[in-house]
Each structure stands twice: as structure tokens, then as C-alpha cells.
Amino acid sequence: MPNPRFISACLTLLACLAAGCHRSAIREIEPHPWLVELDWLCGDWTTHARPDGSRSEEHWMPPSSWHMFGIGRSLRDGKEVFVEYLRISAEGSQVIYYAAPGGRLPATPFRAIERGPTRAVFENLEHDYPQRIIYELQPSGDIRARIEGVVNGQKKSSDWYLSPAH
């Protein structure tokens, strides 16, 4: 049975996205300072269409209290082919990025090993792939999202350049 708190968080995220949340959303509870460092990630982001007709999107809500919620999806020819529920949480003395591809539970945790006003690196060396998730705010205002790790002894990585969606 899925975790009721996770389901509630996902429903809140979807309702907020449907209502058109933006950086200026009213925050009832002051967000944790560690999450405020990642406020640059908030908003609606999309890649340009690729030659195969695919593109990717990420939507991040502003931090509130101890969490930031996001959702990512890939589309091909206008049809959703992949979805991933995302959460960044301040927990104790750490910041943890949780990824739930396809809504799979439990979500996979990645501990922040670097975070700041233009870069965040999350790592889980015990995960199969990826072991590292990196977000970097570019001077252009775009975000470079990168996953990397080792598969069968070989280094592997993928990059996405996300622009603000209009």
C-alpha cells in the first residue's frame, strides 16, 4: 500500500500545478533556509523538441516548510511516455532528493553533497543508476540537469538543458 503522506503530497503538487503555481505563491509556513538556497530551481522548465519528437519537462513548486515538490515527465509526439514524482526535503542535518519514477514507492533518496545559489548535487552511491543527480543554473537562465553513474563498470551520463516554459 502506498504511503498516505506521499500520496497526499503528490495530490497537493498536482492541484497546485493545475492552479498555476509560480515563484510568487503565498507561503503559509516559512521554508527551511536550506531549501531557500534551492529556490532558483522553482518554476516550469522544458527542453526544446528533439529530432525524434521528444521533449522533457520539470515543474518545481517553491519551498514550503521542510519540502519542495516537483514532477518531471517526458513526452514523445505529444504523448506522455515517462513521469517522475520528485521531492527535496530538509531532514535533520541533511537535504535529501527523493525520486519516484512512475510513482514507484518507496522513492529513492539522494543526499545533497553540494547545494547553493546556482548548483545542487545529490548522490546515492548504492543506487544502480543514476548515482548522482546534478542541477546547475546557467548564466543564460537555463538549467542543466545531469544524471551520472557507473553501469557495468563503465561511466555513463545524460544531460538535459531546461529553459523556462512560457
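The values are calculated or read from the model by the stated rules, or taken from the named source; none is laboratory data. Remember, predicted model here, so these are calculated numbers, not experimental data. No Cβ is skipped: glycine too gets one built from the backbone with ideal geometry, and neighbour counts run over all protein chains shown.
Take residue 95 and tell me if it is exposed (fewer than 14 other Cβ atoms within 10 Å of the Cβ), of a type in the set (A, V, I, L, M, F, W, C) and in contact (Cβ under 8 Å) with a residue 24 or more places away in the chain. Taking the combined requirement at face value, the residue does not satisfy it.
Just the residues that are farther than 20 Å from residue 163 by Cα and exposed (fewer than 15 other Cβ atoms within 10 Å of the Cβ), please, taken from the range 114-146. Write out each step before concluding.
The initial filter retains those residues of the range 114-146 that are farther than 20 Å from residue 163 by Cα, namely 114-115, 122-132.
Matches in the range 114-146: 114, 125, 126, 128, 129.
Among the residues of the range 89-99, is there at least one that is outside any loop (DSSP other than H, G, I, E, B), among the hydrophobic types (A, V, I, L, M, F, W, C) and more than 22 Å from residue 149 (Cβ to Cβ)? Show your work before the answer.
Step one: list which residues in the range 89-99 are outside any loop (DSSP other than H, G, I, E, B), which gives 89-91, 94-99.
Still in the list and also among the hydrophobic types (A, V, I, L, M, F, W, C): 90, 95-96, 99.
With the extra rule that they be more than 22 Å from residue 149 (Cβ to Cβ), the set shrinks to 90.
Among the residues of the range 89-99, at least one is outside any loop (DSSP other than H, G, I, E, B), among the hydrophobic types (A, V, I, L, M, F, W, C) and more than 22 Å from residue 149 (Cβ to Cβ), which makes the answer yes.
Taking the range 110-158 as the range and being more than 19 Å from residue 86 (Cα to Cα) and of a type in the set (Lys, Arg) as the test, the residues that pass are 155, 156. What about residue 53, is it surrounded by fewer than 18 Cβ atoms within 10 Å (Cβ to Cβ), on the phi > 0 side of the Ramachandran plot and either polar (S, T, N, Q) or at pLDDT 50 or above (or both)? Criteria met by residue 53.
If we scan the range 72-83, do we find a residue that is touching a residue at least 24 places away in the same chain (Cβ under 8 Å) and within 14 Å of the chain's Cα centre (by Cα)? No, the range 72-83 has no match at all.
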